[in-house]
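Comments concern the structure below.
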Amino acid sequence: MHPVDAAPSIAVELDGVVKRFGALEALRGIHGRILPGCLTGLVGPDGAGKTTLMRLMAGLMAPTAGHITVAGLDSVRDSTALSDNIGYMPQRFGLYEDLSVLENLRLYAELRGLERRTHRDTFERLLEFTRLGPFTTRLAGKLSGGMKQKLGLACALMATPKVLLLDEPGVGVDPVSRQDLWRMVQALTDDGMAVVWATAYLDEAERCAAVFLLNEGQLKFAGAPSELTNRLKERSFRLLNYRRDRRELLSEVLELTSVSDGVIQGNAIRVVLRLDSQHEAVAAFAAQAGAELQPVTPRFEDAFVDLLGGGPGGISALAQKMAPVTLDGDNVVECRNLTRCFGAFTATDHVSFQVRKGEIFGLLGPNGAGKSTTFKMLCGLLRPTAGEARVVGLDLRVAGSQAKRQLGYMAQKFSLYGLLSVQQNLEFSAGVYGLEGALKRERIKEMVQTFQLGKYLGSAPDELPLGFKQRLALACALMHRPLVLFLDEPTSGVDPITRREFWTHINGLAHKGVTIMVTTHFMDEAEYCDRVALMYRAKLIALDTPDVLKARVTIIGDQEPTMEDAFIHLIQEVDAQDAASSMREAA
Amino acid sequence: MNLRRLIALVRKESLQVIRDPSTFLIAFVLPVILLFLFAYAVSLDIRKVAIGVVLESDGAAAQSLAAAFSGTRYFQVTPARDRREVAGEVIASRLKGYVVIPQDFERRLATNTASALVQVITDGSQPNTAGFVAGYAQGVIAQWLAGQVGQSTPPVIDVRSRFWFNPEIESRRFLVPGAIAIIMTMIGTLLTALVVAREWERGTMEALLSTPARVVEILIGKLLPYFVLGLLATLGSALLAVFVFDVPLRGSWFTLLLLSAVFLVPALGQGLMISALAKNQFIAAQAALFSGFLPAFLLSGFLFEIDSMPTPIRLLTFIVPARHFVASLQTVFLAGDVWAVMLPNMAAMLAIGVVFFALAKAKTRKSLDA
């Protein structure tokens, strides 16, 4: 028996927590302590067990085995008392969209039994804290993502809980609002509250005081993030200023036995060495490539990959089999003054850019910025209100179906047909793109071989391990050998190893001359792109290489600016300009 | 149970009901449409059915019978001399059948043998109408015969039928009360199933459950507004039935509302049970339609008479709450406050309701774990 610790020095105690759903083991024996006054990150890819652990801590479910003690209360036995001590913000914030801001607040205040005469003061305090004061009568459904998140937080904070549980609060929220949330959480922990922040974004982990790293239901690491990243000290390097193609260089460096992991980061290549290896081999490689080898601060994501045994190799079996793309003309995707209105609302406002052959082009922006609308117009799924879009020189308005044959599309969350087997999914995709007879059989066989899908042909896609699911989705989008590949949020929520494998293929394809278009709100993904277009409020606010965009941020301290910093900086610039121009108008 | 939390939940739910246009549509617009349909479009009465009468004989008796057919208000007669004139019309479905008065009609009548007097041909592709044509035709002939006989000897037995409760035998009078049962099933079962599933879908149930609010409070907080909404919709439908469609209300308004209140117990219970099992609105809607709406339509005795169903199905109707409700509603509208009929029905509805609530409660408790 484990003694129940009621001492305030521990906010949450996890004691051998197991949770099974039928045959699925979502959590496999988690031990750990969460401290008050401390921001604890619950980090891991989708399906790692984060939400399950959150729900267990909130007393919404009972563990199959083990015990959870929250603020000195057992999560099962004292679940009624527990709810008075926790604040829980589920994914999508748990708000009633058809109630106003104030009505939502009042509901939660009543449910939590707050004294009626304290309502006004509490609401005032929370509204000021979340800066929602001017919007009290607005319906929650009409708020922006960032504002919804703040209202959700305010509702969860209603009774000043001892433990605040936030389940993926950063999803679908623009970086500026996320920044705001960090500030608020900081203030809360300073007051002694224990805050648990679940996230699939590994870069968010670095901001936490402590981290629980989950993977496939197992606790891989618990402690300060720096403790984990320090393991990579002296092993993290960056290759700079080389004169060769960086993707080619990356695939070569990943094949070195002393290298465990490597990714493209803007113009540089990040390399992590194996634990007991010497850096001579890499130094020699760098010298040969004419590159500068520079030690760098390790990142949390790299540490995670290292913890899982290193990343995949650098050669894409897929790309090797593809013939190089030959194409006349330089610009594969082109749009000019592309505009789309939905009623009075303009979703995409005069967007223009060109994408060259073999380029990886990123379209970034918070939810609602207009990137999906722009993307859909480029794929021929939506007609522009004004302006034109061309793919491989074909005007989508005139030659829509002809242009569509030249492009491959991989939708969010892979969008495979769950009721069809792997084989049937492949056959369907081949059929849809007009492949027939011997050619169809040959292409399917080729994909099955390349991606080693052989033993899964009869299974349903949902039974596949995530990595294989991703391969299948990629295979379905590529069988007809498209000249342009559209990827919609291709790796958000995916574990870093699967993501690296994915980008190895994408890099290989780009090298063969396939043009890649990516949309994402995931700032890390932008680093893989050659050029990035930032969208904000339907407009294109910046278009450049990741390095140039990052360089525009004034560096404070020795911290390197991230893509997210760059994004926030640019958005703030736009907001300041807007404010200044409206001031002038007012005057 | 905490009254303050309950009031907060009822308030929240009521605000949502008021702001959600689909609730308003189901509770107030749909009833109007349904009532209009059942009152005007669906009619089980036969009046002015188009038939042909083929008069092959020129005798006085034959002429008189043909006149009897023309005289009745149930038929609209197309006279003919040859059956070939009307056969094509029946095939084209312009006539629902025809009656042949044969050449030797007078001889047949005189010999008074068992041989058939006339021939009736009906369009069997519409069995209901065909049955009416055959039945009414026989009625006309029987009446005519009685008249003929009456000239010589007085009848031994004079049969005069009289229809109680619905003397005009207007189908509207029993269809409209039935329609109210359908509407109440929609509001009680479908709406409740949908709103709880919506809380799961939007993730708000999770947030509610993490507060001190209990499951019982959350569920009662949901049911109360829909209970009131259901009674309002009944009242609206009944007003429409009485003042627009001229359906008599022989019982009292109080009894009508009491019956509706009792019926809402199984209807809401069923909705709650569905919502405990289905966590998304699509499945909830399907389940509500199949387990609530269809039985209420087919097995309640509203359209199809229960007495003419095979025994196993007839037994099955006893677990359909709408059956008991339809029987009571027809009683209160057409007969009056006959408690001997309504009390057993109310008891049955309450019993079914209790079963639904017990099942819903058993299933809801571990909902997030399921």
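Of note:
- Filter result for A:Lys150 (closer than 26 Å to A:Leu114 by Cβ and crowded, with 23+ Cβ neighbours inside 10 Å): yes
- The residues in the stretch A:416-447 that are within 18 Å of A:Arg471 (Cβ to Cβ) and basic (Lys, Arg) can be counted, and the count is 2.
- Failed criterion for A:Gly170 (all others in (1) part of a loop (DSSP other than H, G, I, E, B); (2) over 30 Å from A:Gln572 (Cβ atoms); (3) in contact with a strand residue (DSSP E or B) (Cβ under 7 Å, 6 or more places away or on another chain) hold): (2)
- In the condition set (1) buried (at least 17 other Cβ atoms within 10 Å of the Cβ); (2) within 14 Å of another protein chain (Cβ to nearest Cβ), B:Val216 is compliant with all but (1).
- When the criteria are applied in full, A:Gln149 meets the requirement of being under 18 Å from B:Arg202 (Cα atoms) and away from chain B (no Cβ under 12 Å).
- Residue in the stretch A:427-443 that is within 28 Å of the chain's Cα centre (by Cα) and within 14 Å of A:Leu318 (Cβ to Cβ) present: no
- From the list B:Pro295, B:Pro225, the one residue that fits, being within 14 Å of another protein chain (Cβ to nearest Cβ) and more than 30 Å from A:Leu165 (Cα to Cα), is B:Pro225.
- Scope the stretch A:107-117; condition assigned to a helix (DSSP H, G or I), over 32 Å from the mean Cα position of the chain (by Cα) and within 7 Å of another protein chain (Cβ to nearest Cβ); matching residues: A:Leu107, A:Glu110, A:Leu111
- Qualifying positions in the stretch A:167-206 - at positive phi and either polar (S, T, N, Q) or surrounded by fewer than 20 Cβ atoms within 10 Å (Cβ to Cβ) (or both): A:Gly172, A:Gly192
- Residues within the stretch B:220-270 that are touching a Pro at 6+ places or on another chain (Cβ under 8 Å), modelled with pLDDT under 90 and either surrounded by 18 or more Cβ atoms within 10 Å (Cβ to Cβ) or aromatic (Phe, Trp, Tyr) (or both), tallied: 5
- In the set (1) assigned to a helix (DSSP H, G or I); (2) among the polar types (S, T, N, Q); (3) more than 14 Å from chain B (Cβ to nearest Cβ), A:Thr69 fails one condition alone, (1).
- The single condition from (1) within 26 Å of A:Gly170 (Cβ to Cβ); (2) modelled with pLDDT of 90 or more; (3) within 11 Å of chain B (Cβ to nearest Cβ); (4) surrounded by fewer than 24 Cβ atoms within 10 Å (Cβ to Cβ) that A:Met57 fails is (4).
- Subset of the stretch A:76-106 that is at the interface with chain B (Cβ under 8 Å from one of its Cβ atoms) and assigned to a helix (DSSP H, G or I) - its residue that is farthest from A:Gly66 (Cα to Cα): A:Glu103
- Screening B:Leu30, B:Leu35, B:Leu55, B:Leu9 for residues that are within 14 Å of chain A (Cβ to nearest Cβ), out of contact with any His (no Cβ under 9 Å at 6 or more places or on another chain) and not basic (Lys, Arg) leaves exactly one candidate, B:Leu9.
- Restricting the stretch B:184-213 to residues that are of a type in the set (S, T, N, Q) and more than 7 Å from chain A (Cβ to nearest Cβ), the residue that is surrounded by the most Cβ atoms within 10 Å (Cβ to Cβ) is B:Thr189.
- The single condition among (1) of a type in the set (Ser, Thr, Tyr); (2) at pLDDT 85 or above; (3) closer than 29 Å to A:Pro175 by Cα that A:Ser421 does not meet is (3).
The values are calculated or read from the model by the stated rules, or taken from the named source; none is laboratory data. Being a predicted model, the structure only gives us computed values, none of them experimental. Quick reminder, even Gly has a Cβ in these numbers, built from the backbone with ideal geometry, and neighbours come from all protein chains shown.
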